[in-house]
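Participant: If you scroll down you'll find the structure; I have some questions about it.
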Amino acid sequence: MSKKHVTHPRESESEVIEHLSELPQHSELIDEIKETADKLGADGATRGDLKILSRALRELRYAFKVFTPYRRNRKVTVFGSARTKPEAAEWKQAELFGKRMADEGWMVVTGAGGGIMEAAHAGSGREMAMGLNILLPFEQEANPIIEGDDKLVNLKYFFTRKLLFVKEVHAVVSCPGGFGTQDEAFETLTLVQTGKRDLMPMVFLDKPGGTYWSGWMDYIKAELLERGMISPSDLSLFKVTDSAEEAVDEVLDFYSVYNSMRFIRDKLIVRLHREPSDQLVERLNDEFSDLVESGKIEKTATHRLEADDEHLTHLPRLSFTFNRRAVGRLREMVDLLNKELADG
């Protein structure tokens, strides 16, 4: 069934049909997958390679099926150590954060194990919990809150699991943890910093008075920032805090005015819950001209190629040719929009 289309100004019916045809149809994409599979035979792919591809595709297909009914629900991923005990302050902090986010209508996604993962699910409750469990030879069973739930996915590969942790959510919060937590935190930062994942709030949450993330931040500044390996604006991509309430506020405030972003060819479309004034748009052009490859930041109508995001067609929009490099500065622009329009 075709979706309702919001007509672009001065766009005729024939032009609408033409531009909608530019969107790949489901059948075309499925045919591409089949064609790729056929090429594996022609390539003489090894049995081991085929097993990896087959299992990865099956895992992702099932996970997408599980997540599809909840795509419109805001979700936050919580990372952290599986070894954290219930009596630990970090456990209680994760539990409080999970509860507060569920109270705000957000679902909580974790690796479904114990420790911080179980704590966040204990806070959110089973109804608002989703799990991505990794199958390991020595661990781990899903925690009792999510075990047996239809919203639990069991995965063999870390790379499919990590894709889902970032793709299917609207925020990521990292609590103290080991190598896995550090890996997940740095990968999420890298994906957002390089534009491989749309902007979203990232929070590094410690126990009250804890030094886990503040010490990490010292390292980031001394060894990465001071050596020029990251830009000063990259520090705007995330927040370090030891307060669960501040973590909740960081996530919610990010979406107070900003809704989402999408690239249409060379244009970045920023969707908002409130329309900025002409004066504010002029200020954006003054303060964030370094983001613009050519032209300027402008208000825009819903683009014809956004027809597959029908539920967002009513939102005000800004559009500009983003240089695709200064993602930290883009986050700073979003923060300004949220601040200036939040009380509007």
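Taken together, the values in this text are just the output of simple stated rules run on the coordinates, not laboratory data. Every value quoted in this text rests on a predicted model; they were computed, and no experiment measured them. Glycine also receives a Cβ, built like all others from the backbone with ideal geometry; neighbour counts cover every protein chain displayed.
Participant: List the extent of the Cα atoms of the chain along each of their three principal axes, largest first, rounded to whole Å.
Facilitator: 62, 53, 42
Participant: Just tell me which aspartates and glutamates come within less than 13 Å, Cα to Cα, of LYS75; anything on the same chain fewer than 8 places away is out.
Facilitator: In chain and number order, the partners are ASP103, GLU104, GLU127, GLU168.
Participant: Let me ask you something else. Considering only DSSP states other than H, G, I, E and B, which trypsin sites (Lys or Arg not before Pro) in region 251-344 qualify as loop sites with at most 10 other Cβ atoms within 10 Å? Intermediate results must be reported in sequence, preceding the final value.
Facilitator: Working: sites: ARG262, ARG265, LYS267, ARG271, ARG274, ARG283, LYS296, LYS299, ARG304, ARG317, ARG324, ARG325, ARG329, ARG331, LYS339; in loops: ARG265, ARG274, ARG324, ARG325.
The qualifying sites are ARG265.
Participant: Kindly provide the pair-distance distribution of region 258-341 built from C-alpha pairs, with 5 Å bins from 0 and whole-percent values in order of increasing distance.
Facilitator: 3, 15, 29, 27, 18, 8, 1
Participant: In nanometres, what is the gap between the two model label sites at PHE159 and LYS39, each 7 Å from Cα along Cα-to-Cβ?
Facilitator: 1.6 nm
Participant: Nothing charged except the Cβ atoms of Lys and Arg (+1) and of Asp and Glu (-1): what's the magnitude of the dipole of the chain about its Cα centre? Round to the nearest 20 debye. Don't skip to the end; give the middle numbers.
Facilitator: Numbers: 47 positive and 58 negative charges, 151 e Å.
Approximately 720 debye in magnitude.
Participant: Which of the pairs LYS162/LYS239; LYS156/LYS339; LYS221/LYS299; LYS221/LYS339 have their Cα atoms more than 32 Å apart in this structure? All intermediate terms of the calculation are to be shown ahead of the outcome.
Facilitator: On the way: LYS162/LYS239 21 Å; LYS156/LYS339 42 Å; LYS221/LYS299 36 Å; LYS221/LYS339 26 Å.
Listed pairs above 32 Å: LYS156/LYS339; LYS221/LYS299.
Participant: So, one more: So which GluC sites (Glu not before Pro) in region 200-274 pass both tests, a DSSP loop state and at most 14 other Cβ atoms within 10 Å of the Cβ? If you can, show how the numbers build up before the last one.
Facilitator: Values: sites: GLU223, GLU226, GLU245, GLU246, GLU250; in loops: GLU226.
Of the GluC sites (Glu not before Pro), the ones in loops of region 200-274 whose Cβ has at most 14 other Cβ atoms within 10 Å are GLU226.
Participant: If I model a spin label as a point 7 Å beyond the Cα along the Cα-Cβ vector, how far apart are those points for HIS26 and LYS339 in nm?
Facilitator: With each label point 7 Å from Cα toward Cβ, the separation is 4.5 nm.
Participant: Continuing with this model, one more query. State to the nearest 20 debye the size of the charge dipole of region 68-254 about its Cα centre, where the only charges are +1 on K and R beta carbons and -1 on D and E beta carbons.
Facilitator: Details: 21 positive and 28 negative charges, 114 e Å.
Taking the Cα centre of region 68-254 as origin, the dipole is about 540 debye.
Participant: When the convex hull of the Cα atoms of region 68-254 is projected onto a plane and the area is averaged over all directions, what value comes out in nm²? Please list the in-between numbers first.
Facilitator: Values: hull surface 40.9 nm².
Mean shadow area of the hull around the Cα atoms is 10.2 nm².
Participant: For n ≥ 4 DSSP H runs only, could you compute -39500 (n - 2.57) per run for the chain, divide by its residues and tell me the 222 nm figure to the nearest 500?
Facilitator: On the way: 11 runs with 140 residues, N = 344.
Result for the chain: -13000 deg cm²/dmol, rounded to the nearest 500.
Participant: OK, next. When only DSSP loop residues count, what chymotrypsin sites (Phe, Trp or Tyr not before Pro) in region 64-114 have their Cβ near at most 15 other Cβ atoms within 10 Å? Don't skip to the answer; put the middle values down first.
Facilitator: Working: sites: PHE64, PHE67, TYR70, PHE79, TRP91, PHE97, TRP106; in loops: TRP106.
Hits after loop and neighbour filter: nothing returned.
Participant: Under a point spin-label approximation (7 Å from Cα along Cα-to-Cβ), what is the ALA56-ARG72 distance to one decimal in nm?
Facilitator: 3.3 nm
Participant: Put +1 on the Cβ of every Lys and Arg and -1 on every Asp and Glu Cβ in region 99-150; which of ILE134, VAL109, ILE145 then has its Cα farthest towards the positive end of the dipole?
Facilitator: VAL109
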